[in-house]
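Input: a single structure, listed below in structure tokens.
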Amino acid sequence: MTSVEPTAAQFERLAASDDDGPVMMINLLRFKERADGIDADDDITGAEAYARYGAALQPYLEGVRGRVLLGGVTTESVIGPEEAEWDAVFVAEYPSRKAFLEMTSDPGYLEVHRHRAAAVADSRLIACRPLFR
């Protein structure tokens, strides 16, 4: 099953949460071999298209006081399937779910998001409450 975009019910559940504290969003990403969509004419890889998304995302992330806590390219599996499931992992922190939803509904962000859609073959986005506040 490929899960590149959240369903309306998933966003509604996130918005309905009564937890108004910080939220960490874990991003598990598998890139397309060749980017499509907005980046198709540039003949670049999915990873290169995602780099465009990451660079253009920064002002929107900073605008809601979010930040990237961790970002990395996966290398090998130590516990789990031998074959790599994900190409990259990122963890972003937002001051609240409301801040995340504010960013992701911004028209400018939605335009930038087109690079992510062009880049990603499969993904997971997992909301986490910090263990220690």
Under 5 Å between amide hydrogens, which residues at least 5 positions from Asp87 or on another chain qualify, with H placed 1.01 Å from N in the peptide plane? Leu29, Arg30, Phe31
Dividing the mean separation of Cα pairs under 8 Å (6+ apart) by the residue count of region 14-54 yields a relative contact order in percent of 28 percent
For region 1-74, run through the GluC sites (Glu not before Pro) and keep only the ones in DSSP coil with at most 10 other Cβ atoms within 10 Å of their Cβ. Glu33
The ³J(HN,Hα) series, computed from each phi in region 68-76 with the Karplus coefficients 6.51, -1.76 and 1.60 at θ = phi - 60°, rounded to the nearest Hz and given as x for glycine or proline, is 8, 8, 7, x, x, 8, 6, 10, 8
So between Ile126 and Ile26, what do we pick up on full extension, going 0.36 nm a residue minus the alpha carbon distance? 35.5 nm
Under unit Cβ charges (Lys, Arg +1; Asp, Glu -1), what dipole magnitude, rounded to 20 debye, does the chain have relative to its Cα centre? 560 debye
Among Ile26, Ala16, Ile44, pick out the residue whose Cα is farthest towards the positive end of the charge dipole of the chain, where Lys and Arg carry +1 and Asp and Glu carry -1 on C-beta, about the Cα centre. Ala16
Please report the relative contact order for the chain, taking Cα pairs under 8 Å with a sequence separation of at least 6, and give it as a percent rounded to a whole number. 45 percent
How large is ³J(HN,Hα) for each residue in region 110-123, as worked out from phi by the Karplus curve 6.51 cos²θ - 1.76 cosθ + 1.60 (θ = phi - 60°), to whole Hz, x for Gly and Pro? 4, 5, 4, 4, 4, 5, 5, 4, 6, 8, 9, 8, 7, 7
Carbon and sulfur atoms account, in whole percent of the 1.4 Å probe accessible area of region 85-127, for 55 percent
The alpha-carbon center of region 10-58 and that of region 91-112 are separated, in whole Å, by 11 Å
With DSSP loop assignment and no more than 14 other C-beta atoms within 10 Å, the chymotrypsin sites (Phe, Trp or Tyr not before Pro) in region 97-133 are Phe132
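Counting other Cβ atoms within 10 Å, which GluC sites (Glu not before Pro) in region 65-110 have at most 14 and lie in a DSSP loop?
Glu76, Glu82, Glu83, Glu85
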Would you mind calculating the gained length between Ser105 and Ala15 on full extension (0.36 nm times residue separation, minus the Cα-Cα distance), in nm to one decimal? 31.2 nm
Assuming 0.36 nm per residue, please report the length gained on full extension of the stretch Gln58 to Thr75 beyond their Cα-Cα distance. 3.6 nm
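The values are calculated or read from the model by the stated rules, or taken from the named source; none is laboratory data. If you're wondering where the values come from, they're calculated on a predicted model, not measured in any experiment. All Cβ positions, even for glycine, are placed from backbone atoms using ideal geometry, and neighbour counts span all protein chains on display. We work out accessible area using only protein heavy atoms, side chains counted, and drop any ligands, DNA or RNA first. Shrake-Rupley method; radii C 1.70, N 1.55, O 1.52, S 1.80 Å.
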